[in-house]
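The values are calculated or read from the model by the stated rules, or taken from the named source; none is laboratory data. The structure presented is a predicted model; accordingly, all values stated were derived computationally and were not measured. Neighbour counts run over all protein chains shown; Cβ positions are idealised from the backbone, glycine included. Keep in mind that these areas ignore ligands, DNA and RNA; they rest on the heavy atoms of the full protein, side chains included. Shrake-Rupley method; radii C 1.70, N 1.55, O 1.52, S 1.80 Å.
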Amino acid sequence: VVLVLLGFGLSCSSRGAASSDAASSADCSTGRCIVTLAAGQKVPYGLALDGKNVYWTNKYGGQVMSVPLAGGSPRTIASAQDAPYAVAVNATGVYWTNFDDPGEVMAASLDGGAVRTIASGQHYPSAIAVDATHVYWTNSGSIAGGLIDGTVMEAPLAGGSPTTLASAQSALNSI
């Protein structure tokens, strides 16, 4: 599986070549630039940008990854994760959900380092968003609950107990 961005930061010349040195591998022969940022990924799923890097999860590879938008080698932010799914980023960290029951909401610094758990014991945490003070996510719900017991959650980035913002939601998977 290959992670690509279409036309991101590149313009195409009449000869079909990328006019930016930034691309790791670019094909502009169709009039749109297709830039390969990382090849050989194991079911890349979530995707987030911070202006400098692209972040994604390898759901079946158990990894959270990044690569500079300007191109370069992919970097592992976290490994040995249980089905990393959605990913979000802010100025200080990368946040993701591990889609399982029980599942977790996790965090690491932008350059990797120690992985920390923000919330555990979640029911298929899926979508995630972050601001300067809180992380927000959806729980799709439990199989035992018929996936109609989904929740919208938040937790402070500094640590603390998660708060339920909405409950009895049906099969949540986006935020």
Discussion item. Give me, ordered by chain and number, the residues 5 or more places off Gly62 or on other chains with an amide H under 5 Å from its own placed amide H.
Written reply: Ala83
Item to complete: Find out how many positive minus negative residues lie around Asp100, taking Lys and Arg as positive, Asp and Glu as negative, among other residues whose Cβ is under 15 Å from that of Asp100.
Response: -2
Worksheet item: Per the 1.4 Å probe, what fraction of the accessible area of the range 18-163, in percent, lies on carbon and sulfur atoms?
Response: 53
Worksheet item: Modelled label-to-label distance, Asp101 and Ser29, 7 Å Cα→beta-carbon offset: nm?
Response: 4.7
Worksheet item: For Ser109 and Ala70 in one chain, what is 0.36 nm times their gap in residues minus the Cα-Cα distance, to one decimal in nm?
Response: 12.0 nm
Worksheet item: Which length gain, in nm to one decimal place, applies between Asp50 and Ser161 when the Cα-Cα distance is subtracted from 0.36 nm times their residue separation?
Response: 37.3 nm
Worksheet item: Sequence-distant or interchain residues sharing an amide H contact under 5 Å with Leu69, placed H: which?
Response: Asn53, Val54
